[in-house]
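Notes follow once the structure below has been shown.
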There are 2 protein chains.
Amino acid sequence: MEAQKIFVDYLKQNDLKNTPERMVILQEVMKLDKHFEAEVLFEHIKSINIKVSRASIYRTLDLLVQCDLVNRINFDNTCFYYETTMNKSSHDHFICTECGKIIEFYYSEIEKIHKNITDKFELDISEYSHQIYGKCKDCKQKKSLK
Amino acid sequence: MEAQKIFVDYLKQNDLKNTPERMVILQEVMKLDKHFEAEVLFEHIKSINIKVSRASIYRTLDLLVQCDLVNRINFDNTCFYYETTMNKSSHDHFICTECGKIIEFYYSEIEKIHKNITDKFELDISEYSHQIYGKCKDCKQKKSLK
DNA sequence: TTCGTTGCAAAGCTTTTGCACGAAT
DNA sequence: ATTCGTGCAAAAGCTTTGCAACGAA
């Protein structure tokens, strides 16, 4: 189902009002990259000459999280990141602490682990975060030459 | 090796000073429960009538993270949590997004994945972060009752 | 004596909130 | 006419930082 319809229905069902601000925010959220910050969304909307306050950004993001159109995730304690739930694919990241290089990888075992833990503890998993930090091949070699 | 020796050595090797505040903080960190907040450590030390400022708590925790005696973890964006690394096998966390409950778990497959990726990309892994977010059994049931 | 360290308070940042005005139904 | 939403600015809450006094080496 289309995101906008889901959101409008959600608003209606909860006696919330359909406002221009809310519609703009949903529309622009859908255009952003996978993991975006509230501030990025705010700046983005400002950049297309639409005026929406930061408060409305945060409040509307909360609503979008409520109706499962958006996930709010917690990456590094600097701020929350948001991502749309539509078309989401899973992969993890290796981040080189020397040069910042990122390697994406995917192992089906991760999903098996999640399935296993879901069953064992009767959980309902919505999101996960899996990062590996260290030195990439190049930086490892540079380091050992010293 | 004993934590205190590791810390003292670390300080010496980095031309940092061995101060009473740092020693107290290390000592009391070791007494705390698994996942504690900086504020809890601060209050704990105050409660035993030792005077250490919040700033020193934060600065010393950073040092302890630097020398791998403590991990700094990020569960819910409210604050950082810390845990000692001594005598602790690696484990990951499930965090309930409704009630904040934390479940620790360990799967050897994670290590296999890391070994595999290390070999494949010739990496040097120093740390990783793996959190799963969702609803725990109780909160899942509460939600479905509505 | 020399620097690193401490405590304090202020600043920094992201997110939330109180309030008066404005808009949707 | 209600009632909810918005913008603004202030508040919140955790963490970091600037600075002067202090203390370890």
Exercise. Report yes if B:ILE110 is away from DNA strand C (no atom under 16 Å from the Cβ) and within 8 Å of chain A (Cβ to nearest Cβ), otherwise no.
Key: yes
Practice problem: Under 6 Å between Cβ atoms, at least 6 apart or on separate chains: pull out the pairs that start in region B:9-25 with a residue that is closer than 16 Å to B:LEU61 by Cβ and touching a residue at least 12 places away in the same chain (Cβ under 8 Å) and end on any residue that is among the aliphatic types (A, V, I, L, M) and more than 8 Å from DNA strand C (Cβ to nearest atom). | Solution: B:VAL24/B:ILE50
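Evaluate the following for B:THR97: is it within 14 Å of another protein chain (Cβ to nearest Cβ), away from DNA strand D (no atom under 16 Å from the Cβ) and closer than 20 Å to A:THR78 by Cα?
Values: within 14 Å of another protein chain (Cβ to nearest Cβ): yes; away from DNA strand D (no atom under 16 Å from the Cβ): yes; closer than 20 Å to A:THR78 by Cα: yes.
It is true that B:THR97 is within 14 Å of another protein chain (Cβ to nearest Cβ), away from DNA strand D (no atom under 16 Å from the Cβ) and closer than 20 Å to A:THR78 by Cα.
Residue-by-condition table, conditions (1) over 26 Å from B:ILE6 (Cβ atoms); (2) in contact with a His (Cβ under 9 Å, 6 or more places away or on another chain); (3) assigned by TED's automatic domain parsing to the domain that holds B:GLN27:
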residue	(1), (2), (3)
B:SER56	no, no, yes
B:LEU61	no, no, yes
B:GLN66	no, no, yes
B:GLU104	no, yes, no
B:ASN116	yes, no, no
Exercise. Inspect region B:72-88 for any residue being surrounded by fewer than 18 Cβ atoms within 10 Å (Cβ to Cβ), aliphatic (A, V, I, L, M), assigned to a loop (DSSP other than H, G, I, E, B) and in contact (Cβ under 8 Å) with a residue 60 or more places away in the chain and give the result as yes or no.
Key: yes
Quiz prompt | Verdict on B:LYS34 being at pLDDT 90 or above, of a type in the set (Lys, Arg) and either over 30 Å from A:ASP68 (Cα atoms) or surrounded by fewer than 16 Cβ atoms within 10 Å (Cβ to Cβ) (or both) | solution = no
Quiz item: Quick one: is B:GLU28 in a helix (DSSP H, G or I), within 13 Å of DNA strand D (Cβ to nearest atom) and more than 14 Å from chain A (Cβ to nearest Cβ)?
Solution: no
Exercise. Output the number of the condition that B:ASP62 fails; it satisfies all remaining conditions of (1) assigned to a helix (DSSP H, G or I); (2) surrounded by 16 or more Cβ atoms within 10 Å (Cβ to Cβ); (3) not aliphatic (A, V, I, L, M).
Key: (2)
Self-check item: Residue count for region B:1-25, restricted to those that are within 13 Å of DNA strand D (Cβ to nearest atom) and touching a helix residue (DSSP H, G or I) at 6+ places or on another chain (Cβ under 9 Å)
Solution: 13
Quiz item: In region B:69-93, what residues are at pLDDT 85 or above and of a type in the set (Phe, Trp, Tyr)?
Solution: B:PHE80, B:TYR81, B:TYR82
Quiz item: Filter region B:119-146 for residues that are more than 8 Å from chain A (Cβ to nearest Cβ) and free of Cβ contacts under 8 Å to residues at least 24 places away in the same chain; which is nearest to the chain's Cα centre (by Cα)?
Solution: B:ASP119
Practice problem: Working only within region B:28-66, note down all residues that are touching a helix residue (DSSP H, G or I) at 6+ places or on another chain (Cβ under 8 Å), of a type in the set (A, V, I, L, M) and near DNA strand C (Cβ under 9 Å from one of its atoms). | Solution: B:ILE50, B:VAL52, B:ILE57, B:LEU63
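Looking only at region B:36-66, count how many residues are more than 14 Å from chain A (Cβ to nearest Cβ) and within 13 Å of DNA strand D (Cβ to nearest atom).
Looking only at that region, the number is 17.
The values are calculated or read from the model by the stated rules, or taken from the named source; none is laboratory data. In this text, all values refer to a predicted model and were calculated from it rather than measured experimentally. With ideal geometry, Cβ positions are generated from the backbone for all residues, glycine too; neighbour counts draw on all protein chains shown.
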